[in-house]
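Below is one structure; the comments refer to it alone.
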Amino acid sequence: MLDATQSWQKLISDAQQLKGLPEYAIAMVKQLAEQNNQSGYRLTLDMPCYIAIVTHAQCRELRKDIYEAYTTRASDQKITDKKWDNADNMQQIVAKRQEKAKLLGFDNYAEYSLETKMAESVKQVLDFLYDLAQRSRPAALDEVAERQAYAESLGFEGELQAWDYAYYSEKLKQHKYQFSEEDLKPYFCDDNVISGLFEIVKILYGVDIKSADNKVDVWDKSVRFYQINNSTGEMIGQFYLDLYARENKRGGAWMDECINRYHIDGKTQIPVAYLTCNLTPPIGDEAALFTHDEVITLFHEFGHGLHHMLTRIDVPEVAGINGVEWDAVELPSQFMENFCWQKPALELFARHYQTGEPLPEELFDKMVGAKNFQGALLMLRQIEFALFDIRLHQQVSLTSAAQIQDILDQVRTEISVVKTPHNNRFQNGFSHIFAGGYAAGYYSYKWAEVLSADVFAAFEEAGIFDATIGRKFLHCILEQGGSRPAMKSFQCFRGREPNIDALLRHSGITT
C-alpha cells in the first residue's frame, strides 16, 4: 500500500490549476516539489495534500485525478502500478483466517474474533449497526439533497460525483455557518496544541509530561521524545511523538507499543509508546498549523498512548491496551476527542500563532455550530465499513477477490446514500482489517463510541476538568488495562451499563 501511494505524483507548472487552494496548501505542494528538486507544484497521495485538493481545488479534473488515484491504490485499475495490486493478498488473508477459525471450532472468522470482544454474537453486532443505520439514514438523505441543491445554486449541472462531494460540502458549510476549517488553522500551532494537550492530561490525571529529547536517538529530526512523571516525580512512562507527514512514511495515525510495562526481579519496566500521525508539516521556517480535524487525530492517538502508559498492571499480556476487548479499546482515544470541542480546554492552547490572541468567541461558536455538519453521512460511512468487515469475515468460502468486491457492493446497496464510482477499490487499501488488528472488529469504533460518549457525559455533568472524576476514570479504566472485563471497568466508573443516548446527542441525531 505504501509503495502504491508513493508511486503516484502529479507535477503542475501552472498555478492557475490550483485556484481555490488555501495559501498554506499552495506553499506545501511547492515545498514538496522543491524537496524533490523539481520546479512548480508537486501533488502526492499523502493525506494533507489529498484532502487539500479534493476539498478546495476549483479545477474539477484535478479533483477527479487525485480522487481516482487515491481510491484505486494497490489495485488493478492501472492508475498506480498493477504490481502492487492487493487483490490476491486480501483473498489469501481472509481464506487463512477462515481456516484458522475452523481449526479452532468456529463456523467462521467473525465468530472467532468476537470470542474475545464485548459483543456477544455476530447477530448482536449486525443488529447494533443496522439500528444505527436506520436512525441515521433519513438525515443522511436530507444532507445529500441539500448538498446537491446548493451545488446547483452555484451553477453546477448534473449529479454530483464522488470527487465533488468534499468540495461542495465545504462550500455549503461556509455558506451555512460562515465558517471554514481554514479559519481555525492559525489558532492551532503545533507547539501550542501539544502543550495544551499535556496540560489537560495533568489536570485530569495529575501527571507531568516533559521533553526528554536528549535521552534517545530518533529516526527523523522531527521526531520528539517525552517522559511522564507522576505527582511524586517518579517516571512512569515515555513516548516518541512522530507528528508530520513526509516522504516514504506509512499513512494514517496510530499508537503502538515500544515496550510494555512489566515487573521482574524486583524492578518495574516502565511502558514506552510510539505515537505516529501524518499531520500537516511546517512550511519553511514557519510553525506547523493544524486543522481542527488534525488536532482531534492527535488527541485520539494520545488517548491510546495514555491507556498504554498509565497502566498499573505488571503482567504484560494484560497491561495497557493488551487484553482489552477490541471493541472497548477505542474508549480512551475517543474520549480524548471530546476535549477538542470544549471551550475551557481550547483556552489552554487555541491561540493565534503570530499574535497570541485566543480563539475568538464568534469563531468558537461557529466551529461548534458546524460540529455535526453532515454527521449522518459520516455515520453511514463508518457503518458501511463495519458491515463490510463483519460480513466479509462471515464467509465460509472465499476463492476470489471478486467475491470481496461483491460483498462490498451489496453493503453499499443496503447502506449508502451516495454513488461510488465503479473503479473505486477502497477495500484494497483497507489496512485496518487486512493489515491491522480490526478484522471482524471495525464495528469497534462505533461500539466504543457509545462507551466514550457515555463516559464523557459524566465529565459534562461534573465539569470537564473535575479532578475527582478525572482520577476515577484513571483508576477505573486507564490503569486497569485488560486485567478485567471492559464492562467491569466501565461499571466501576459509571455505576451502570452503557447507554446510547449520549452518543446520539453528541452526534446530533434525533429519533
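Could you work out the helix-only [θ] at 222 nm for the chain, with each DSSP H run of four or more residues adding -39,500 (n - 2.57) and the total divided by the number of residues, to the nearest 500 deg cm²/dmol?
Working: 21 runs with 249 residues, N = 511.
The helix-only estimate for the chain comes to -15000 deg cm²/dmol at 222 nm.
Rounded to whole Å and sorted largest first, list the principal axis extents of the Cα atoms in segment 2-84.
Result, largest extent first: 35, 28, 19 Å.
If you average the C-alpha positions of segment 466-491 and of segment 73-108 separately, how far apart do those two centres end up, in angstrom?
Measuring centre to centre over Cα atoms gives 37 Å.
Taking the alpha carbon gyration tensor of segment 282-421, what are the square roots of 5 times its eigenvalues, largest first, to the nearest whole Å? Could the numbers behind the result be given before it?
On the way: eigenvalues 254, 126, 41 Å².
Here the semi-axes work out to 36, 25, 14 Å.
Can you pull out the cysteines in the chain that have no other Cys Cβ under 4.7 Å?
49, 59, 189, 258, 277, 340
Expressed as cubic angstrom per residue, what is the convex hull volume of the alpha carbon set of segment 86-228? Numbers along the way, then the final one.
Working: hull volume 42.3 nm³, N = 143.
Once divided by residue count, the hull of segment 86-228 is 296 Å³.
Return an integer: the convex hull volume of the alpha-carbon atoms of segment 189-358, in Å³ per residue.
132
Please state the equivalent ellipsoid semi-axes for segment 160-259: what are the square roots of 5 times the Cα gyration tensor eigenvalues, largest first, in whole Å?
Working: eigenvalues 249, 76, 28 Å².
In descending order the semi-axes read 35, 20, 12 Å.
7 Å from Cα along Cα→Cβ at both residue 216 and residue 471: what's the point-to-point distance in nm?
3.0
Whole Å is fine, so just give me how far the alpha carbon centre of segment 115-156 lies from that of segment 405-438.
If we compute the Cα centre of each part, the gap is 15 Å.
When ranked by the protection proxy of mean other Cβ atoms within 10 Å per residue, highest first, what sequence do the peptides 442-452, 181-191 form?
The packing order, highest mean first, is 442-452, 181-191.
Estimate the FRET efficiency between residue 76 and residue 378 by the formula 1/(1 + (r/R0)^6), using the beta-carbon distance for r and 30 Å for R0, to the nearest 0.05.
Efficiency for this residue pair is about 0.55.
Across 10 Å bins from 0, what is the distribution of all Cα-Cα pair distances for segment 354-430, in whole percents?
15, 36, 19, 14, 12, 5, 0
Could you compute the FRET efficiency for residue 23 and residue 142, with r as their C-beta to C-beta distance and R0 at 56 Å, rounded to 0.05?
Working from the Cβ atoms, E equals 0.95.
Measuring from label point to label point, each 7 Å out along Cα→Cβ, what is the residue 202 to residue 104 span in nm?
It is 4.4 nm.
In nm, give the distance between the simple-model label positions of residue 127 and residue 58, each being 7 Å from the Cα along the Cα-to-Cβ direction.
5.4
May I ask you to list the residues of segment 15-54 whose amide nitrogen lies under 14 Å from a point 7 Å from Cα along the Cα→beta-carbon direction of residue 248?
Within reach of a label on residue 248, which here means backbone N under 14 Å from a point 7 Å along Cα→Cβ, segment 15-54 contributes 36.
Could you tell me how many cubic angstrom of Cα convex hull volume segment 117-181 has per residue? If you can, show how the numbers build up before the last one.
Working: hull volume 9.5 nm³, N = 65.
Considering the Cα atoms of segment 117-181, their hull volume per residue is 145 Å³.
Only Cα pairs under 8 Å and at least 6 apart count here; give the relative contact order of the chain as a rounded whole percent.
19
Are there trypsin sites (Lys or Arg not before Pro) in segment 75-177 that DSSP marks as loop and that have at most 10 other Cβ atoms within 10 Å, and which are they?
78
Round to the nearest 0.05 the FRET efficiency obtained for residue 183 and residue 285 when R0 = 25 Å and r is the Cβ-Cβ distance.
0.60
Could you give the distance between the Cα centres of segment 227-300 and segment 378-400, to the whole Å?
31
Between residue 176 and residue 256, what length comes free when the chain is fully extended (0.36 nm per residue of separation minus the Cα-Cα distance, one decimal in nm)?
24.8 nm
Subtract the Cα-Cα distance of residue 161 and residue 92 from 0.36 nm times their separation in residues, and report this length gain in nm to one decimal.
21.6 nm
Taking Rg/Rh (Cα atoms, Kirkwood Rh) straight from the coordinates, which label in [x] 1.56; [y] 0.94; [z] 1.11 is the correct one?
[y]
Laboratory data are not the source of any read-out in this text; all were calculated from the coordinates shown. Predicted, not measured: the structure shown is a model, and the values here were computed from it. Positions of Cβ are generated from backbone atoms using ideal geometry, with glycine treated the same way; all protein chains shown enter the neighbour counts.
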